[in-house]
1. Suppose we filter L92, L40, L34 for residues that are modelled with pLDDT of 90 or more, part of a helix (DSSP H, G or I) and touching a Leu at 6+ places or on another chain (Cβ under 7 Å); which single one remains?
2. As an exercise: evaluate V59 against (1) over 15 Å from the mean Cα position of the chain (by Cα); (2) aliphatic (A, V, I, L, M); (3) modelled with pLDDT of 80 or more and give the number of the one condition it does not meet.
Amino acid sequence: MMKKRPPGLIAIVIYKGFVALLLTATSIVLLLALKKHDTLVTFSESYVLEGKREIIEWVLGKIINIKPQTLKISGISTGIYAIVTAIEAIGLWYERTWAKIL
């Protein structure tokens, strides 16, 4: 027989799962930016779409000016936090006491 979970718990688990997915995507993007740093520099110099040019130049300028070591540390730490958040969501779903601590 399946246990009925409170709606608040379901909402928290969905939220934590969504946050874990966003953090995972952010980690992947940061690590790809590290790997393709030279390509981003070339792309930022040759990008010519007029309507959004200022926004894209600003974003790329911020990414390009970040040190590669900082990108690596940020990507790895974001990935670790995504894993912890996903574990927390699973623990909350199964109503484990240790998940409340996370």
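The values are calculated or read from the model by the stated rules, or taken from the named source; none is laboratory data. Everything numeric here is computed off the predicted structure, so don't read it as measured data. Heads up, the Cβs are rebuilt from the backbone with ideal geometry, glycines too, and the neighbour counts pull from every protein chain shown.
1. L92
2. Only one criterion in (1) over 15 Å from the mean Cα position of the chain (by Cα); (2) aliphatic (A, V, I, L, M); (3) modelled with pLDDT of 80 or more is unmet by V59, namely (3).
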